[in-house]
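Okay, structure first, notes after.
The values are calculated or read from the model by the stated rules, or taken from the named source; none is laboratory data. Keep in mind the model is a prediction, meaning the values are calculated, not measured. Counting neighbours? That spans all protein chains shown, and the Cβs are built from the backbone with ideal geometry, glycine included. The area values use the complete protein model at the heavy-atom level, side chains included, leaving out ligands, DNA and RNA. Shrake-Rupley method; radii C 1.70, N 1.55, O 1.52, S 1.80 Å.
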Amino acid sequence: MTYQSTYQAARLIAPKVEAIFAAHLAAAREKGEDDLAPLPTENVVEAIIDATFWASLRKEEGHSPKISLAYLPPQQAGNPLLFKQRFPLNPGTLTKLAPGIERAGIHLGVWEEDGQLYIWGTTVSIPNFCFVLDVSEPALLVIKHRRIYGFGKFTNIAVLKGDQVKMVDPYNTRHADCPPMLLSLLDLTALTYWNDSVNVLIQLAVSMRAHGRGGTLLVVPNDTNNWLQSIIKPVQYYIQPPFTGLSKLLKQDRKESSQIFWQTALKREVDHLAGLTAVDGATIISTDYELLAFGAKIGRAKGKDNIDELAFSEPIEGGDAVIIHPAKSGGTRHLSAAQFIHDQRDATALVASQDGHFTIYTWSALQNMVQAHRIDTLLL
């Protein structure tokens, strides 16, 4: 098919996206994987992005569309909802359909025939490495794919915001002390499950970002109280005994209950903890996911120096690590989180900004300094 887009970023990014999916699909076939999605060609990618971008700028009954498109034939969609007649892929059609499919996990199915793209229905089931395009907000599009085993958050390929294009680049994070959470988001680690500790941390991050109020989550070792040295006393909302709702759920034998029930309970507990990060101050949990405190004020530990530099990076093309002053990585909560990790080097800090930025702070033994990874591109 041939397509002339009017959104310049669609034309620029389409060849890169085809190449990325081609590499993923080829590697999966070599490993003997099945249920693989069709390759989204350059022209297909350009056409889907272009139509979706212009749809994202429209409104239906005062609401901007939030939609997800998946490129696959109906035969690969499991139990699809099929329209009796096909609809052309254009901004008008997408805007009209958007109110009915804006819930998470529902995709509009797009396929090609005789050189034309059309919408055939909706699906909640898609094959491995299926091309997905999400509209997060007006002019903000995210290209992603389903993980090979279907567990956890989809893996992001690129983010387009107006004329800004961010291509995810996993290779600048492949050093020994890169946070496991970041590696998992980049799909560079082994299979993760719903109750995998790394995947749960990702779910907490997504939920923190979703409430839009900003917040800090500190994950501290469960076998020591050294973290209290970096917290100003008294702690306003100290939890005694620690709240174990999420912790108990993760230790539960899921054979005793249905998978769907367990996942629903997990989401409820994740949202419960993540919601507390909206309260002014830091929320503190142990590595076993026990809630220790929230609304806590971070201070410099006695005998520790002020942090004066850190390594800042973003897993996108051109986002290699640079040494900066901690204040340049964000606002007050970012600076306090960086100081906390500088003092408590066996902890992890997750910081969400009200503007949508999200940063992981950990201690790098290789670099002998705090490292900050901006990951909002991966959480959309």
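If we scan the range 294-310, do we find a residue that is closer than 27 Å to ASN156 by Cα and either modelled with pLDDT of 95 or more or part of a strand (DSSP E or B) (or both)?
yes
Restricting the search to the range 323-334, which residues are closer than 17 Å to THR362 by Cβ and more than 23 Å from the chain's Cα centre (by Cα)?
ILE323, ILE324, PRO326
Could you give me the residue pairs with C-beta distances under 8 Å whose first residue belongs to the range 27-45 and is assigned by the TED database to the domain that holds LEU69, whose second residue is of a type in the set (Gly, Ala, Ser) and buried (at least 16 other Cβ atoms within 10 Å of the Cβ) wherever it lies, and which are 6+ apart or on separate chains?
LEU36/ALA28; GLU42/ALA14; ASN43/ALA14; VAL45/ALA10; VAL45/ALA14
One residue is enough: does the range 285-295 have a residue meeting the conditions open to solvent by 40 Å² or more (accessible area, probe 1.4 Å), free of Cβ contacts under 8 Å to residues at least 40 places away in the same chain and in contact with a strand residue (DSSP E or B) (Cβ under 7 Å, 6 or more places away or on another chain)?
The answer is no, given that none of the residues of the range 285-295 is open to solvent by 40 Å² or more (accessible area, probe 1.4 Å), free of Cβ contacts under 8 Å to residues at least 40 places away in the same chain and in contact with a strand residue (DSSP E or B) (Cβ under 7 Å, 6 or more places away or on another chain).
Working carefully through the options SER64, SER68, find the one that is hydroxyl-bearing (Ser, Thr, Tyr), under 14 Å from LEU133 (Cα atoms) and touching a residue at least 60 places away in the same chain (Cβ under 8 Å).
Exactly one residue qualifies, and that residue is SER68.
Sort out which residues of the range 317-371 are part of a loop (DSSP other than H, G, I, E, B) and among the hydrophobic types (A, V, I, L, M, F, W, C), and write them in order of number.
The answer is ALA321, ALA347, ALA365, LEU366.
Which one of the conditions (1) open to solvent by 80 Å² or more (accessible area, probe 1.4 Å); (2) within 19 Å of THR287 (Cα to Cα); (3) touching a residue at least 24 places away in the same chain (Cβ under 8 Å) does PRO241 fail to meet, given that it meets all the rest?
Of the numbered conditions (1) open to solvent by 80 Å² or more (accessible area, probe 1.4 Å); (2) within 19 Å of THR287 (Cα to Cα); (3) touching a residue at least 24 places away in the same chain (Cβ under 8 Å), the odd one out for PRO241 is (3).
Among the residues of the range 105-125, write down those that are under 12 Å from SER68 (Cβ atoms) and open to solvent by less than 50 Å² (accessible area, probe 1.4 Å).
GLY105, ILE106, HIS107, LEU108, GLY109, VAL110, THR122, THR123
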